[in-house]
1. Restricting attention to the range 87-95, does a residue exist that is of a type in the set (Lys, Arg) and outside any helix (DSSP H, G or I)?
2. Keeping to the range 136-187, report how many residues are of a type in the set (Ser, Thr, Tyr), out of contact with any strand residue (DSSP E or B) (no Cβ under 9 Å at 6 or more places or on another chain) and not in a loop (DSSP other than H, G, I, E, B).
3. How many residues does the range 15-33 hold that are open to solvent by 20 Å² or more (accessible area, probe 1.4 Å), more than 27 Å from CYS303 (Cβ to Cβ) and aliphatic (A, V, I, L, M)?
4. Would you pick out the residues in the range 55-101 that are modelled with pLDDT under 80 and open to solvent by 50 Å² or more (accessible area, probe 1.4 Å)?
5. Does at least one position in the range 36-49 carry a residue that is in a helix (DSSP H, G or I), modelled with pLDDT under 90 and either more than 17 Å from the chain's Cα centre (by Cα) or buried (at least 22 other Cβ atoms within 10 Å of the Cβ) (or both)?
6. Restricting to the range 327-356, count the residues that are touching a Ser or Thr at 6+ places or on another chain (Cβ under 9 Å) and open to solvent by less than 20 Å² (accessible area, probe 1.4 Å).
7. Provide a single number: the residues in the range 202-251 that are open to solvent by 10 Å² or more (accessible area, probe 1.4 Å) and more than 20 Å from GLY291 (Cα to Cα).
8. Just to be sure I understand, how many residues within the range 309-326 are under 17 Å from the mean Cα position of the chain (by Cα) and open to solvent by 10 Å² or more (accessible area, probe 1.4 Å)?
Amino acid sequence: MLIDFVPTVGGVSLAEAPAFKKAPGGAPANVAVCIAKLGGSSALSGRCISFVSHCLFKFAAIQVGKDEFGFMLADSLKENKVDNSGLRFDPYARTALAFVTLREDGEREFMFYRHPSADMLLQESELDVNLVKKATIFHYGSISLIEEPCRSTQIAAMGIAKKSGSLLSYDPNLRLPLWPSDDAARKEIMAVWDKADIIKISEDEISFLTKGDDPYDDSVVLKKLFHPNLRLLLVSEGKAGCRYYTKSKTISLLSRESSSALQYAAALQCTTLQFKGRVSGVKVKSVDTNGAGDAFTGAILYCLASDVNLLKDEKRLRDALFFANACGALTVTKNGAIPALPTKEEVQQIMRQVSA
């Protein structure tokens, strides 16, 4: 969690901005509020954040400073119906700050102040283990992998969730200015890649992780990023929508010579095929793209937590991704990430308009 400082005018670099407006932000806060606005329940526990929606928990190795910005974040979460009763404040480190803008050339520009900030200092001993064990879907990013002790804390939490039967969901959320080098970012992001059951990634992140390969080439995605245990890989494409790749667990076919006809039939029934495709985006007038990806992520996890079996039904998965695209689209129609996050009714309304 952090405070975003956004220029009061659009289309300028950070240096050109005449002034900045502060707003609560950070991917964990954005996703938590997204889930709450869609009708789920969201809660914070200890110095980690666990978001709950139809048995969905989201963990992020984050804490805030015992300062005015930390109090502002806590108040914002409460105002948006996110339970912040378990949030703790670090008296020694400040709340992280980020200056972010969308330049006229369409590129986002970031500048962070967090060396160290409170979110980097979470200890494994501060994990709410019982809460992590209850997760149906355990979602995490890569920013917590940059520094110790936060890195070890996140990896430990992932292990606890996995052993408890949770699906692991991963959004790298690449922020290169925070990493010591490009190579360090690739190494740490990919170090936990094969642990995830669900991954959401952007086109730019595909190019970065594959060192320049074509992000639109399905063979690149499937050969270099789709690991055997992955159940859903999502590629967000901004206003164009998203791509999806799924693969259910399979077992090897038994030969007729070495098994009975009944065993052979059972093996055939347990074998499933991968499906992939694209779901178009929803056209809107863009004002501020900050938080759109988090809204997409929050919306699809909200749907999956309601019924993870939609991963086995392509039509239902496409409907859920249309919902997520609509949620992300509505978020860019207003300034600020959290203030712009829509309600479930607003998402359904725009979906009806597009389908009409």
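The values are calculated or read from the model by the stated rules, or taken from the named source; none is laboratory data. Remember, predicted model here, so these are calculated numbers, not experimental data. All Cβ positions, even for glycine, are placed from backbone atoms using ideal geometry, and neighbour counts span all protein chains on display. To get the accessible areas, we keep the full protein, side chains included, count just its heavy atoms, and leave off ligands, DNA and RNA. Shrake-Rupley method; radii C 1.70, N 1.55, O 1.52, S 1.80 Å.
1. If we filter the range 87-95 for residues that are of a type in the set (Lys, Arg), which is where we start, we get 88, 94.
Next, only the ones that are outside any helix (DSSP H, G or I) stay: 88, 94.
Yes, the range 87-95 contains a residue that is of a type in the set (Lys, Arg) and outside any helix (DSSP H, G or I).
2. From the range 136-187, those of a type in the set (Ser, Thr, Tyr) are 136, 140, 142, 144, 152-153, 164, 166, 169-170, 181; that's our starting set.
Those left that are additionally out of contact with any strand residue (DSSP E or B) (no Cβ under 9 Å at 6 or more places or on another chain): 152, 181.
Within this subset, residues satisfying the condition of being not in a loop (DSSP other than H, G, I, E, B) are 152.
Final tally of qualifying residues: 1.
3. Number satisfying all stated conditions: 2.
4. Passing the criteria: CYS55, ASP83, SER85, ARG88.
5. Start the filter on the range 36-49 by keeping residues that are in a helix (DSSP H, G or I), which leaves 36-37.
With the extra rule that they be modelled with pLDDT under 90, the set shrinks to 36.
When the remaining residues are screened for being either more than 17 Å from the chain's Cα centre (by Cα) or buried (at least 22 other Cβ atoms within 10 Å of the Cβ) (or both), the result is 36.
Yes: the range 36-49 contains one or more residues that are in a helix (DSSP H, G or I), modelled with pLDDT under 90 and either more than 17 Å from the chain's Cα centre (by Cα) or buried (at least 22 other Cβ atoms within 10 Å of the Cβ) (or both).
6. Residues in the range 327-356 being touching a Ser or Thr at 6+ places or on another chain (Cβ under 9 Å) and open to solvent by less than 20 Å² (accessible area, probe 1.4 Å): 9 in total.
7. 27
8. 3
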